[in-house]
C-alpha cells in the first residue's frame, strides 16, 4: 500500500499560542486521525533554524496509507471547517504550508555501533 507523509507548517495568531496548542492536541489531531487513510500524527515545535529563512514555529507530520490519495485529500477538503474537522480561530490561516510527499524507499536506520564497518565515520 502506498505510504505518504503530509507536512503541515503553521503558526498561531499572536497572543493565542496556548489556545492553539490546546486545540491542536486535543481536537485537531484526533479529528484528523478519524479521517480515512490517516494512520498516525506527530507535532513538532521549532527549536533551531538552519540557514537564514524564517521558520514556522510548529510542524505536524501525518502518516497516510492509501491507494487513493486524491480521494483521501478530497475528503479532507470536504470536511475542513465542518464539525468533523473544526479549525480554531487561534490558527493563523494566512500562515499555513501544507504538502504531501510519497515515500521513496524504506526507512533507513543507523546500524548499531557493533555492526558498523571499522574505519567508517559515524554519522552525527
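Things worth noting here:
For every residue, the table says whether it meets (1) surrounded by 14 or more Cβ atoms within 10 Å (Cβ to Cβ); (2) over 14 Å from the mean Cα position of the chain (by Cα); (3) free of Cβ contacts under 8 Å to residues at least 24 places away in the same chain; (4) closer than 25 Å to residue 103 by Cβ.
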residue: 46; (1), (2), (3), (4): no, no, yes, yes
residue: 51; (1), (2), (3), (4): no, yes, yes, no
residue: 56; (1), (2), (3), (4): yes, no, no, yes
residue: 83; (1), (2), (3), (4): no, yes, yes, no
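- Neighbours by Cβ (under 6 Å, 6+ apart or cross-chain): first from the stretch 85-106, touching a residue at least 60 places away in the same chain (Cβ under 8 Å); second surrounded by 11 or more Cβ atoms within 10 Å (Cβ to Cβ) and assigned to a loop (DSSP other than H, G, I, E, B): 90/13; 90/16; 92/13
- Matching option when the condition is touching a strand residue (DSSP E or B) at 6+ places or on another chain (Cβ under 6 Å) and either surrounded by 14 or more Cβ atoms within 10 Å (Cβ to Cβ) or closer than 17 Å to residue 102 by Cβ (or both), among 71, 37: 37
- Per-region count, the stretch 87-124, residues at pLDDT below 90 and touching a helix residue (DSSP H, G or I) at 6+ places or on another chain (Cβ under 6 Å): 0
- Yes/no for residue 60 being surrounded by fewer than 15 Cβ atoms within 10 Å (Cβ to Cβ), touching a strand residue (DSSP E or B) at 6+ places or on another chain (Cβ under 6 Å), under 29 Å from residue 106 (Cβ atoms) and at pLDDT 95 or above: no
- Residue 13 being on the phi < 0 side of the Ramachandran plot and surrounded by fewer than 13 Cβ atoms within 10 Å (Cβ to Cβ): no
The values are calculated or read from the model by the stated rules, or taken from the named source; none is laboratory data. In this text, all values refer to a predicted model and were calculated from it rather than measured experimentally. When we count neighbours, we look across all protein chains shown, and the Cβ atoms used for this are built from the backbone with ideal geometry, even at glycine.
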